[in-house]
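First the structure, in the form of C-alpha cells, and then the observations on it.
The values are calculated or read from the model by the stated rules, or taken from the named source; none is laboratory data. These numbers come from a predicted model, not from an experiment. Cβ placement follows ideal geometry from the backbone for every residue including glycine, while neighbour counts extend to all protein chains displayed. When the accessible area is computed, the model is the full protein with side chains, heavy atoms only, and any ligands, DNA or RNA have been set aside. Shrake-Rupley method; radii C 1.70, N 1.55, O 1.52, S 1.80 Å.
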Amino acid sequence: SQLGTSSLISDRIADPGGVIAAADVKINGFDALAGDFADPTSSQTSGIAAQIATAINANSGTHGAYANAFNKLTSNDVGVWAMSGSISLNGVTITVKSSLANFVTAVNEEVADVTATANADGTFTLFNDSGDPLTVGAGGGGASIGLTASTTYEGFIELYNLDGSAVSIVAGS
C-alpha cells in the first residue's frame, strides 16, 4: 500500500513566452487549466510559478490535483564565511555580516516573504512558500557567500492529487 501522497515537483518555472492553452497539458487525463493561461506581464505582482499554480488550482474540481508554488535556493559552498560586500535580496540590501548566523538573522528580519536557514555544511537556503522569485541583485558580496549576482530564480510547483493517489501529467494533444 502507498503511504502519504505522491507528488511531482517541477524544475524552476520559466516564463512560457506566450499563451498556454487549457488543453496543452493534461493532469490525470483532464485539462490542467480551466481556461487559457495568458503570458504573464511585468505588472503582475506574483511570480510565474504562483500564477500557474493558481491557474491549475482553478481546475482542481475537474482533474483532482492541487498545485503548491514555492521557491528554494541553496548557496554554493564557499568554505569559511567571509562576506566581502553587501548583497541585495529581493530589492533589500543586506550589509556585510561577520557570520552565517548573523546573515541568516538579517535576511529573516529584513527581507519580506523569504526565510533563510543555515545548513550544517556552511551553506544557507533561502525559501518562500509563495512561489515568488528570489532575486539576487548586483553587488560585490554575492560571490563571497555563494550566490550569483544579478540573477532571478523563479519558483517551483509541487503537484499532488487531493485523494492521495499518484499524479499523472502528460502533454495534451
What is the extension gain from Ser144 to Ser165, computed as 0.36 nm multiplied by their sequence separation minus the C-alpha to C-alpha distance, in nm to one decimal? 3.1 nm
With 0.36 nm assigned to each residue of separation and the Cα-Cα distance removed, Thr123 to Lys26 gains 31.1 nm
Here the relative contact order (percent) of the chain, from C-alpha pairs under 8 Å and at least 6 apart, is 33
Heads up, I need the accessible area for Leu89: 1.4 angstrom probe, whole protein in place, Å², nearest 10. 10
So, for the chain, what is the accessible surface per residue at a probe of 1.4 Å, expressed in square angstrom? 50
Relative to the longest principal axis of the C-alpha atoms of the chain, give the angle of the C-alpha long axis of helix 48-57, reported between 0 and 90° and rounded to the nearest 10°. 30
Residues Asp113 and Val80, FRET efficiency given R0 of 30 Å [Cβ-Cβ distance, rounded to 0.05]: 0.50
Any idea what angle helix 100-110 forms with the longest principal axis of the chain, computed on alpha-carbon atoms, 0 to 90 degrees, nearest 10? 60
Using only DSSP helix segments of four residues or longer, with each worth -39500 (n - 2.57), what per-residue ellipticity at 222 nm results for the chain after dividing by its residue count and rounding to 500? -4000 deg cm²/dmol
Placing each pseudo-label 7 Å from Cα in the direction of the beta carbon, Arg12 and Ala38 end up separated by a distance in nanometres of 2.7
Need the C-alpha centroid separation for the stretch 24-39 versus the stretch 116-168, integer Å. 26
In a Gaussian network model over the chain where Cα atoms closer than 10 Å are linked, find which of Gly47, Gly142, Gly35 has the largest mean-square fluctuation. Gly35
How high is the relative contact order of the stretch 64-110? Use alpha-carbon pairs under 8 Å, at least six apart in sequence, and give a whole percent. 25
Which percent of the accessible heavy-atom area of the chain goes to carbon and sulfur, probe 1.4 angstrom? 53
Could you check the spin-label model distance between Ala58 and Thr135? Points 7 Å from the Cα along Cα→Cβ, value in nm. 2.5
